[in-house]
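Computed from the coordinates by the stated procedures, all read-outs in this text should not be read as laboratory data. Remember, predicted model here, so these are calculated numbers, not experimental data. Note that each Cβ is placed from the backbone with ideal geometry, even for glycine, and that neighbours are counted across all protein chains shown.
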């Protein structure tokens, strides 16, 4: 048994806009555990592939990109969100765009890309514990995790949340377009043959529609502290 196998893990899976990122960060802070934002890894590879001008449907080229791209998480000095460096470039803001999200969803369906990122994700399992945020954390990457949560919310609710975030950043978006994109991504993620988006059989299901952040955090903490 490896030393890391005894490190506790809380997996938080769910669709885009369900609040995984915010909830995972706050829960990790409360527990004093490490945080893995697996979606950022896929977004980073998608971003790197775009910078190289690669066709995202070219599995061989994108897999090579996944194997060679250097991704580093760096704590911000001003207390803001963690910065993500891709091949030495701070790509944090670019990775938050809908374009980056769509690219991540596209390459996540390529088995060899997913495999290239598995070892990187497993490497985050270090003491005192890990909160792993993603779509297949509890089903594929950490199936032995003792604590598992699946967060969701209606597509309309998730579109409203995303709309508010993007408008606050001064970006021009429409609510209807965002909802269509979210529904399309849900369908893609749930129907892919490799690691489809679905709750682990032993995950606690939490619908966050109309629910405040503090309440959701409390419910997730209750799972980890049970």
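Observations, loosely collected:
- Most fluctuating residue given options 74, 121, 179, as computed from a GNM of the chain linking Cα atoms under 10 Å: 74
- For the chain: relative contact order, % (alpha-carbon pairs under 8 angstrom, 6 or more apart): 32 percent
- Semi-axes of the equivalent ellipsoid of region 39-126 are 21, 15, 11 Å, computed as sqrt(5λ) over the eigenvalues of the C-alpha gyration tensor in descending order.
- Burial ranking of peptide ranges 104-117, 159-172 (average Cβ count within 10 Å, highest at the top): 104-117, 159-172
- Which of 140, 118, 62 has the fewest Cβ neighbours within 10 Å, and the rest in rising order: 118, 140, 62
- Region 1-65 versus region 158-200: alpha-carbon centroid distance in Å: 16 Å
- Whole-Å distance, taken between Cα centres, linking region 206-226 and region 97-126: 26 Å
- Put simply, the Cα atoms of region 153-198 extend 37, 17, 14 Å along their principal axes, the longest span coming first.
- Applying 0.36 nm per residue to the separation of residue 218 and residue 156 and subtracting their alpha-carbon distance, the gain on full extension is 20.0 nm.
- With the simple spin-label model, which puts each label point 7 Å out from Cα in the Cβ direction, the residue 191 to residue 89 separation comes to 3.3 nm.
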